[in-house]
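**Q** Have a look at this one before I ask anything.
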Amino acid sequence: MATDLPPMYTDTPLAVLHTPQFEMGETDPFTVEAFHMVLSHNSFIRGFNSIYQQAPRVPPADKADFVGYCIAWHDCVDAHHRYEETELFPNINKAASRTDLMNTAVDEHATFHGGMERMKAYLEKKRANFLAAELIAILDSFKDALYSHLKAESPSIVALKQYNRETN
């Protein structure tokens, strides 16, 4: 049976990230926290990839469930970033007696959340009538900004070691 579907690869279109603990072999609290952040980010990457790769393959009978999966992915990423902006980052700033340590990460959130909101709105409107090509075009509109952020946040957490009061 001939098909015009692209091949499926595990790390396509986004590659999973290596944990800083694996790369650096360190176990200080900052590296461990960055390790946990990478685990979360890798789950977002896997979810993004599964949506991207499965969208053109979903049988019509499963489209409504797939839309629910896509919206759950959106809501999970959105909740993660809301937590960072309202709890984690303010507490990091407070602990370091600063106000701006994680501003770059917050600014990065804004670069892709518009695309995520477009994805959710599109799926809520179309439901089981979504078109894979349209969904993938929306994903393509924010994937680079999303991936850049997911890669950058962990090293910024490791870099917080300089504010460790136990060693300074």
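The values are calculated or read from the model by the stated rules, or taken from the named source; none is laboratory data. Remember, predicted model here, so these are calculated numbers, not experimental data. Neighbour counts run over all protein chains shown; Cβ positions are idealised from the backbone, glycine included.
**Q** Filter segment 73-104 down to the residues that are of a type in the set (A, V, I, L, M), more than 13 Å from the chain's Cα centre (by Cα) and part of a helix (DSSP H, G or I), then identify the one that is modelled with the lowest pLDDT.
**A** So, considering only residues that are of a type in the set (A, V, I, L, M), more than 13 Å from the chain's Cα centre (by Cα) and part of a helix (DSSP H, G or I), the one modelled with the lowest pLDDT is ALA95.
**Q** Would you confirm whether any residue within segment 47-61 is surrounded by fewer than 12 Cβ atoms within 10 Å (Cβ to Cβ), part of a loop (DSSP other than H, G, I, E, B) and either among the acidic types (Asp, Glu) or touching a residue at least 12 places away in the same chain (Cβ under 8 Å) (or both)?
**A** No; the residues of segment 47-61 include none that is surrounded by fewer than 12 Cβ atoms within 10 Å (Cβ to Cβ), part of a loop (DSSP other than H, G, I, E, B) and either among the acidic types (Asp, Glu) or touching a residue at least 12 places away in the same chain (Cβ under 8 Å) (or both).
**Q** Do you know which residues across segment 8-28 are assigned to a loop (DSSP other than H, G, I, E, B), exposed (fewer than 15 other Cβ atoms within 10 Å of the Cβ) and within 23 Å of the chain's Cα centre (by Cα)?
**A** Those that are assigned to a loop (DSSP other than H, G, I, E, B), exposed (fewer than 15 other Cβ atoms within 10 Å of the Cβ) and within 23 Å of the chain's Cα centre (by Cα): MET8, TYR9, THR10, ASP11, THR12, ALA15, HIS18.
**Q** Which residue pairs have Cβ atoms under 7 Å apart, sit 6 or more places apart or on different chains, and have a first residue in segment 136-156 that is over 13 Å from PRO20 (Cβ atoms) and a second that is outside any helix (DSSP H, G or I) and modelled with pLDDT of 95 or more?
**A** LYS143/PRO13; LYS143/LEU14; TYR147/LEU14; LEU150/LEU17
**Q** Can you tell me which residue in segment 1-51 is modelled with the lowest pLDDT, limited to those that are over 19 Å from ASP75 (Cβ atoms) and of a type in the set (S, T, N, Q)?
**A** For segment 1-51, the residue satisfying everything is THR3.
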